[in-house]
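Just so it is clear, none of the values below were taken in a lab; they were calculated from the coordinates. Not measured: the values here are computed from a predicted model. When we count neighbours, we look across all protein chains shown, and the Cβ atoms used for this are built from the backbone with ideal geometry, even at glycine.
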Amino acid sequence: MVNPKTIGKDKRIDFKSPEQRRQDLEVMVPVSHKIRKVEAFDATPSNGITEVITEENSSFDFLRFARLVLTDGESVFRQLGNEEAVYYINRGEATIVVGESSFVLAKGDVLYVGINETPVFSTSSNCDISEFKAILCHTKYPVQLVRHTDIEGTELAATLGTKRPMSKRTVFKLVDQNVQACRLLFGDTYLENRGGVGSYPPHFHGPDGPLGLGANAKEEIYHFRCESDIEDDVPYVLQNCALPEEKINVYAHVFDEMAINVTPTYHDTLAPPSVDFMFTWCLASFTEGHRDWAEIYNKPGFENEW
């Protein structure tokens, strides 16, 4: 198992609207030289509530993403209608109250909150929380707490990439079949090596493409944290953005605190030798209740590369 650790500096920026946070990447497709736009978003939080991915600034049908940053004495609440949410602690410690229940979460912990709830957030020091939501949910499930330490060393901590040492990583499936939910699957991934390869082999679980998964498809957000061991270096990863029908990979530069829509394309991630990175990932199933994490389509020839 690759042990979790803190990657990336603790950052804050002035307020940006969701429209300003949309930062499309342009990539050139090899051979054809066509220019493709890829949906990306500045996920660097401001103090308070930061809306990163919304209905208005993205093409997502179901997924939404926000950040909540609080210091001692501050509290905020979120009103969930037909939305379910997972709350993931990036840094610090948070208290989340849902109805009559109160939960204290540390780094890496997750709280699932179902539809029509009003979670209230506070901290005795400081906290940085990611909120991933799925909309259009119709079944109410109970609040469920998953501590990162409870799944470490279990089947929900899947160490992959042992065939290719530079792709060795542990995928912590924090919200999987261990949690009752309508659409959401969620986790974080840590790499064994700097200059590693994440999400390998190239795979796809969107609705389109020659072997698109249709009603069994899922949308997905990646949120990256990157750092370099070279002073004043600007850390980044290269994210594969090839469409399923393309035989050649197409890579985009993704920097620290960026989120990217990986739904329509193959996704695997390469880092320069100086860069260490981790990412959180969140999927929403197109069909409510159909939450099979392993239902994917690998790039032809890569079927046995896990």
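Were the residues from S59 through V76 laid out at 0.36 nm apart, the gain over their Cα-Cα distance would be 3.4 nm. For the residue pairs K247/K299; K107/K173; K163/K247; K5/K107; K16/K133; K37/K218, the alpha carbons lie more than 18 Å apart in K163/K247; K16/K133; K37/K218. Sites listed here are trypsin sites (Lys or Arg not before Pro) in segment 190-268 whose DSSP assignment is loop and whose Cβ has at most 10 other Cβ atoms within 10 Å: K247. For every other residue with a beta carbon closer than 15 angstrom to the beta carbon of V113, add +1 if it is Lys or Arg and -1 if Asp or Glu, then tell me the sum. That works out to -1.
Counting other Cβ atoms within 10 Å, keep those with at most 12, restrict to DSSP loop, and tell me which GluC sites (Glu not before Pro) in segment 117-195 are left. Sparse-neighbourhood loop GluC sites (Glu not before Pro): E155. Which residue fluctuates most in the GNM of the chain (Cα springs below 10 Å): K133, K168, K37? Greatest mean-square fluctuation among the candidates belongs to K37. Values (1) 57, 47, 41; (2) 74, 42, 37; (3) 69, 42, 34 are given for comparison; Cα extents along the principal axes in Å, derived from the coordinates here, is the one labelled (1). For segment 150-235, the set of chymotrypsin sites (Phe, Trp or Tyr not before Pro) satisfying both a DSSP loop assignment and a count of at most 10 other C-beta atoms within 10 Å is empty.
Quick one: net charge around N57, please, counting Lys, Arg +1 and Asp, Glu -1 for every other residue with C-beta under 12 Å from its C-beta.
The answer is -3.
Does a label point 7 Å from the Cα of E231, set along Cα-to-beta-carbon, have any residues of segment 1-24 with amide nitrogen under 20 Å, and which are they? The answer is 8-10.
Taking other residues whose beta carbon is less than 10 angstrom from the beta carbon of D10, and scoring Lys, Arg as +1 and Asp, Glu as -1, yields +3. In a fully extended conformation the segment linking T287 and R91 would gain 67.3 nm over its present Cα-Cα distance, using 0.36 nm per residue. Sequence neighbours fewer than 8 away in the same chain don't count; with that in mind, list the aspartates and glutamates whose C-alpha is under 15 Å from K140. In chain and number order, the partners are E83, E84, E117, E288. Charging the Cβ of each Asp and Glu at -1 and of each Lys and Arg at +1, and nothing else, the dipole of the chain about its Cα centre rounds to 380 debye.
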